[in-house]
Amino acid sequence: MRVEVRLHGERQDAPPKMVSVDYELIVDTNESDQRLALICNCLDIVPVVS
C-alpha cells in the first residue's frame, strides 16, 4: 500500500489566520473496491477511482 497526502493552504495576513486548507489523500492499494468503500464510509470521504 502507498499513501500520499497533498495539502494546499491559503493564509490571510491581517488578522493572521488560515483562510482555507484543502487536501487530497491518494491511496494505491490492492484492496477490493468493496473494502475501500467501507473505509471511505468510515472516514466520510468520497472516493475517486482512477
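Throughout, read-outs are computed from the coordinates displayed, never taken from laboratory work. Fair warning: this is a prediction, and the values are worked out from it, not measured in the lab. Every residue, glycine among them, receives a Cβ derived from its backbone with ideal geometry; neighbour counts consider all protein chains shown.
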(request) Evaluate the following for Val27: is it out of contact with any Gly (no Cβ under 8 Å at 6 or more places or on another chain), surrounded by 10 or more Cβ atoms within 10 Å (Cβ to Cβ), among the hydrophobic types (A, V, I, L, M, F, W, C) and touching a residue at least 24 places away in the same chain (Cβ under 8 Å)? (result) yes
(request) Using the structure shown, decide if Asp22 is loosely packed, with under 10 Cβ neighbours inside 10 Å, of a type in the set (D, E, K, R) and in contact with a His (Cβ under 6 Å, 6 or more places away or on another chain). (result) yes
